[in-house]
Each structure stands twice: as structure tokens, then as C-alpha cells.
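**Q** Before we start, here is the structure in question, set down as C-alpha cells.
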Amino acid sequence: MPDSILRAAKQDGCREKRTVGRGRFGACWLLTAVVALGWSAEICAQNWKPVAIPIRTPFAENVSPANVWPEYPRPDLRRREWLNLNGLWDYAVIGRSREWKGGRLENARDSLLAGEVQPPSRWSGKILVPFCIESSLSGVGQIVRPDQTLWYRRTFQVPEGWRDRRVVLNFEAVDWHCRVWVNGREVGEHRGGYDPFSFDITDALLPGEADQELLVGVWDPTNIGDQAVGKQSLPEMRRGYRYTPTTGIWQTVWLEPVPENAIAGLRIVPSIDGQVRVQAKTTAATPGTRIEVVASENGRPIARGEGPAEDAVVCRIPNPKLWTPDEPHLYDLRVRLLEQGRIVDEVESYVGLREIAIKTNVDGPSQILLNGRPIFQFGPLDQGYWPDGILTPPSDEAARFDVAYLKEIGCNMVRVHVKVHPRRWYY
């Protein structure tokens, strides 16, 4: 690579740029810009590497900025179109004007991100999202203190086919208090380290093929506040089973296009007699809007239900096959939102037919029943921590291995201990 291009790419901080040439040498300059862009991305990938740690899982060896968590993150409500924002982001850690003296916060609501804030003027380097900054796989491996804020930045482009729809920005999990800006306009904030959240960013987007700037600020008091913290602890306060903190983005960040009236959520309640009740949450349902539910098995439709959007729709599956740990049979669901017979939104989901109950015995201990039969539960206490990703598994393959191994050794349950796994783990 020519030294001049190499220096330019490094000075640019590995940010992607689009340059269109004009005039006599336009085509030649465009080709050079595209080649330089490819080299710049390659430099970024080469500069990223995991932080050295005593123990690594074999799954971490296959992680790179080009393939980090590419899977669709929301299995229970899937759309065909989406844009994954995982990968290398700019990051910076900013300290307070006065030093934190230790002790506890009276209220975790006293966030450093409250009120007016000033984003960084300079960035420290690159961080691999969705791994938390403390982890090896983030490429940083830094503890963020309660007197500091963590900032992220990246750019993206909205696909051309999305421009007649609303664009929703989704975060699967950010620990703890975060505020989000798109092109300098604040689009929302969220408090909570384990739950997914989203913002409609349509009105903040620039027109056409412009680069859109996404800025995320995070403050995390870890275990000195009164918020739900799980097993996390600052190093100097670690006792017993307390583990490494997770600050900032630690699950997938992604975009999806939705219509004005969209399916925003599904509540699915199965019964072992084959009845499936589906309650759809919509964003702007009007009188006459309806929901259609189609259940399929091995790609073949086997049952259908339809009803008003405000009601639960019932779908009856013939000759139902029940779900058990030994035979975890699932049916596919397709849910459509209809306005005057026209499909305005469509999502996919799944359901397993099973029933859990407790049988009270007068002469002995109570029993847990699965599908009407007693089941002896056998399984581990799952801490859900990874040496290289902390709360985040290195990959989908790693998470699948965890679950598959437990089944291989005869377990039929898992007690997840003081943690919420990514949604794909439960799928």
C-alpha cells in the first residue's frame, strides 16, 4: 500500500468516507477512493485485537470485526429486513471534574448524564461492539468508574428501500443509563442494564445517501447505586461471588424499517390442546385493522386464525405435538397486520405447546408437572459469564454450545443466576 494512502487512512481514524470525483479524472479518483476505503477498513480490522487474558475460550479465536454477532437478535419477532450495527465504533472515556472518593450513591438516578452534557472532542480509539469495554473481546479491557462516562460513535447509511417507512434503532442491552443522539439530535434515553429498548429515529435522519452519525453516552455506577446490578462489582469492592463489571453496550445494536402502523410486540399463550392465543401490540391501529395468524410445521401451513387487532387471535393446531426437553417441537408462526384486507406489516415468530403446573400432595411434597406429568428437574446454576466476553458470549456458536453441552450430560433445566441472557440464548 502506498505510504501516503496508509498515512491518510490512519489519520482518518479508520472512519469510512465516500468520495465522488468529478471532471476529467473523476472515474480514476473514485476508483482510488474505493480502494483506499477498502484498505482503511482492513487497517481497522488489523489494528483491533483482543486484550490478553489468562483464560480464553476457543470461540474467541474466530471473532473479528467482520463477523461479530451477525445473527438476528430478536427470534420471537422477526422481520426480513434489518441492518446490523455491530462492529468497530469510536469510543472515549471522560472523567468528572472532581474525583470520585468512593462510597455509595444515595440514588443511582443521580446520573452523570443528567442535564446538559458535552460529547468528546477527541476519541480514544476503536471498540468492538457488542462487547463491553471491560472485556477482552472489546479490544479495550478498561474499567469505567462511577465518576466517568463512556461514549460511542459510528456512522451508517439508511438503505434506499427504507425511505418510505419509519426507521427504528434497537439496543438489545446497554448497562446502565444511556442517552442517544442521531445527527446531533437526541432521540431518547434509557435506564436499565438488562432489557432491550428502541427509538424511532426517522425524524432525525438526513435525506438521501448521507452518512448518519450515531452517538451514545453511557453512565454506569456498577454496584455503588441502588439499581439492579446482578453480580457486577468494582475491583476494590469485590467479595465472594462478585464479578467483573459490564459497562455500556453489551448486546447487538441494529436498525429495522417499519410501517406507520406496525406490529411492536407479541404475547403468545399456548395450550396443550393445540390452541394458541396471539395478542399483537400495534403502534397505530385504526378501527377495522385486523390480525392474521398462520401456524406452520416444516414449512407447511396447518392452522389459521384472524380477528380484530385489539383482540387476542386464536389459532387451533390439529393433532398437536407437545414440547418437552427431550423433544422440543416448535411450530412457526406468521403474523400479519391487515388494513382493509391489505398487508401493512408482517413478522415471524414461533411457539411450543406445553403446560407447566404444580401438583399439591397432601401426604408428600408438591410436584412440578410438565404437560400433566411429573418431571424431575436436573441442571446447573448458570452464572452466565465468559472470560473473554464477560456477560456477552463470544458468538452465537458459543451460546449454542453451552446449551447443547448441558443437554448432552443429561440436564433438562438451567437456573440462570442473577443475569439475563441475550434473547437468542433462550431460543
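**Q** Can you give me the number of residues within region 316-362 that are of a type in the set (A, V, I, L, M) and on the phi > 0 side of the Ramachandran plot?
**A** Number of matching residues: 0.
**Q** Taking region 373-415 on its own, how many of its residues are within 22 Å of residue 72 (Cβ to Cβ) and among the hydrophobic types (A, V, I, L, M, F, W, C)?
**A** 7
**Q** For residues that are under 17 Å from the mean Cα position of the chain (by Cα) and within 18 Å of residue 133 (Cα to Cα), tally how many sit in region 64-86.
**A** The qualifying residues number 5.
**Q** If you take just the strands (runs of 3 or more DSSP E) that sit entirely in region 325-426, which of them hold at least 1 residues that are surrounded by 14 or more Cβ atoms within 10 Å (Cβ to Cβ)?
**A** Passing ranges, in order: 331-339, 342-351, 367-370.
For every residue, the table says whether it meets (1) assigned by TED's automatic domain parsing to the domain that holds residue 128; (2) farther than 30 Å from residue 87 by Cβ; (3) buried (at least 17 other Cβ atoms within 10 Å of the Cβ).
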site: 222; (1), (2), (3): yes, no, yes
site: 229; (1), (2), (3): yes, no, yes
site: 248; (1), (2), (3): yes, no, yes
site: 263; (1), (2), (3): no, no, yes
site: 267; (1), (2), (3): no, yes, no
site: 281; (1), (2), (3): no, yes, no
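**Q** Can you confirm whether region 129-151 contains a residue that is assigned to a strand (DSSP E or B), among the charged types (D, E, K, R), at pLDDT 95 or above and surrounded by 18 or more Cβ atoms within 10 Å (Cβ to Cβ)?
**A** No, the conditions are met nowhere in region 129-151.
**Q** Follow-up question, since we're still on this one. Within the group 92, 108, which residue is surrounded by 15 or more Cβ atoms within 10 Å (Cβ to Cβ), among the aliphatic types (A, V, I, L, M) and modelled with pLDDT under 95?
**A** 108
The values are calculated or read from the model by the stated rules, or taken from the named source; none is laboratory data. Because the structure is predicted, anything quoted here is derived from the model rather than measured. Positions of Cβ are backbone-derived with ideal geometry, glycine not excepted, and every protein chain shown enters the neighbour counts.
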